[in-house]
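Comments concern the structure below.
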Amino acid sequence: MLQPNFSVRFLLAGLLAGCVATLLAAPALAQFKWIDHDGQVNYGDQPPKDATGIAPIAPADVSVDAGDAMARLPYEIRSVARNFPVVLYAMAACTPCDEGRAFLKSRNIPFVERTVASRADLDAYHRLGGTDVLPTITVGREFLRGYESGAWSAALAVAGYPSGVPLPRDWQWPAATPLAAPAAAPADAGTAPTAGSADTR
């Protein structure tokens, strides 16, 4: 049985019937910058033991690429998230999807969400190895189909995600985005209409 997880068959029925958000700026909590064992500059309030070049900084001195949310994560989480990123595949009106999303947030897991809401999304989901069950998460290359808190916890633990390490107080998860890129609108062979010239028939 597929319960308590949501079957994509319901999505297919709906389709046949007619049916990436900017993160906040660099955190004010960073107190040090340092160089990790890979030679990358990091910012935070707890440099790891093997860090070099540790230097105190003022919050205004933190110059991190605004698009690199990973750089704002605590070291214990960031080091795992770079190697084992978590992606949630979900859809609207799906109770197990809501439960899975809430679980990841309660575990302070940085993740991105891809929605399966169109036929193009569904085709892309199947190409990735998805079945007829949502939600699904990937932890690195591991696929977990259907929400089961025990299985998800085990996969996150094996990947190395720490328990009890908080995300920055100003952390926001990215808004969910469609799995399939929107199809480009076909070019009009005729003259493009100008403002006020649209056909109202």
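What follows draws every value from the coordinates through simple rules; no lab data is involved. Everything numeric here is computed off the predicted structure, so don't read it as measured data. FYI the Cβ positions are ideal-geometry reconstructions off the backbone, even for glycines, and counts take in every protein chain you see.
Annotations
- Near THR115: Cβ cut-off under 12 Å, other residues only, Lys/Arg at +1 and Asp/Glu at -1. The net charge is 0.
- Rg over Rh for region 128-183 works out to 1.02, both radii taken from alpha-carbon positions and Rh defined as the Kirkwood radius.
- Between ALA93 and ASP170, the FRET efficiency estimated from the beta carbon spacing at R0 = 35 angstrom works out to 0.70.
- Sorted ascending by nearby beta carbons within 10 Å, beginning with the fewest, ILE35, ILE137, ILE77 become ILE35, ILE77, ILE137.
- Within-11-Å neighbourhood charge of PRO178 [Cβ basis; K, R +1; D, E -1]: -1
- Packing-based exposure ordering (other Cβ within 10 Å, fewest first) of LYS49, LYS105: LYS49, LYS105
- Computed from the C-beta positions of SER163 and PHE143, the FRET efficiency with R₀ = 22 Å rounds to 0.45.
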